[in-house]
Amino acid sequence: MTQDSRVAIVTGAGSGIGKAAALALLGDGWTVALAGRREQPLLDVVRESGAGARALSVPTDVADPDAVRKLFDLTVQRFGRVDLLFNNAGVGAPAVALEDLPVAEWKNVVDINLNGMFYCIQNAFRVMKSQVPRGGRIINNGSISAHTPRPNSIAYTATKHAVMGMTKTASLDGRKYDIAVGQIDVGNAATELAQRMTQGVAQANGQIAAEPLMDVSIVGQSVLYMANLPLEANVMFHTVMATKMPFAGRG
């Protein structure tokens, strides 16, 4: 396989971490199918990348298993294979007391962060185990919340803890197919959604404190590093965060 024939799927690619990863991959010569619920942000990223035919926007709701299968089928039809899945799409719920969290909000987070991630892993396995050369790599976005929660985050934290279980299990089950599965756990990155961190967010001791951010392009470079490893090596867990954000010692 030549460097120019490497094909990736990035979910949640229209903004934030997904956008940064897609741009990093495209900048390194990868061919990328960009998936997200809204088409215009995907088209904007494709235009910004200047990658031309190496970038394909595929509007996709990962909570819909049929839409996910279509995403993978379209990518294979267009580019012939899938070498990388960056399983990144995710949402949070309002930061309210867990006893006040609406069931609909809980289900929405589970549908996207957990079910959607599973649908993507399942379809990646389907394609990667059958293609020639066989195999590929899956990188799941776990988040620091896969390890340590914030206050009032039960839906997001529960799904991200579950992602860790999926990463470990898929890594085990992927061995026989030459599929490497790892996880990137991202701390505060400077995205539109994370800007509130600079204004002050709730801490475990009840205080409100501002938290530092890192440039989101650093996350894109981390994904690129993991993506470019040979399949004989795997980064199972990679944590990247603003150096001074409260994580070690949180609480």
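The values are calculated or read from the model by the stated rules, or taken from the named source; none is laboratory data. Quick caveat, the model's predicted, so the values are computed rather than measured. With ideal geometry, Cβ positions are generated from the backbone for all residues, glycine too; neighbour counts draw on all protein chains shown.
Hey, among the residues in segment 205-240 that are in a loop (DSSP other than H, G, I, E, B) and in contact with a strand residue (DSSP E or B) (Cβ under 7 Å, 6 or more places away or on another chain), which one's farthest from Ile9 (Cα to Cα)? Quick ask: steps written out before the conclusion?
In the first step, residues of segment 205-240 are kept if they are in a loop (DSSP other than H, G, I, E, B); the result is 205-207, 210-213, 215, 228-236.
Of the ones still in play, those that are also in contact with a strand residue (DSSP E or B) (Cβ under 7 Å, 6 or more places away or on another chain) are 211, 213, 231, 234-236.
Numbers: Glu211: 31, Leu213: 26, Leu231: 17, Asn234: 18, Val235: 19, Met236: 19 Å.
Looking at the filtered set, the residue picked out is Glu211.
Applying a threshold of 7 Å to beta carbon distances and a minimum spacing of six or more residues, or different chains, the list of pairs starting in segment 200-214 at a residue that is within 18 Å of Pro149 (Cβ to Cβ) and modelled with pLDDT under 80 and ending at one that is of a type in the set (Lys, Arg) and exposed (fewer than 15 other Cβ atoms within 10 Å of the Cβ) reads Ala204/Arg250.
Could you tell me whether Val110 is of a type in the set (Val, Ile, Thr) and within 17 Å of the chain's Cα centre (by Cα)?
Details: of a type in the set (Val, Ile, Thr): yes; within 17 Å of the chain's Cα centre (by Cα): yes.
It is true that Val110 is of a type in the set (Val, Ile, Thr) and within 17 Å of the chain's Cα centre (by Cα).
Would you list the helices (runs of 4 or more DSSP H) that sit entirely within segment 1-86 and hold 3 or more residues that are among the small types (Gly, Ala, Ser) and either free of Cβ contacts under 8 Å to residues at least 40 places away in the same chain or buried (at least 20 other Cβ atoms within 10 Å of the Cβ) (or both)?
Result: 16-27.
Every condition in (1) under 22 Å from Ala33 (Cα atoms); (2) crowded, with 24+ Cβ neighbours inside 10 Å holds for Asn115 except the one numbered (2). Taking first residues from segment 110-122 that are more than 14 Å from Leu84 (Cα to Cα) and at pLDDT 95 or above and partners that are of a type in the set (A, V, I, L, M) and surrounded by fewer than 17 Cβ atoms within 10 Å (Cβ to Cβ), no Cβ contact under 6 Å between residues at least 6 apart in sequence or on separate chains turns up.
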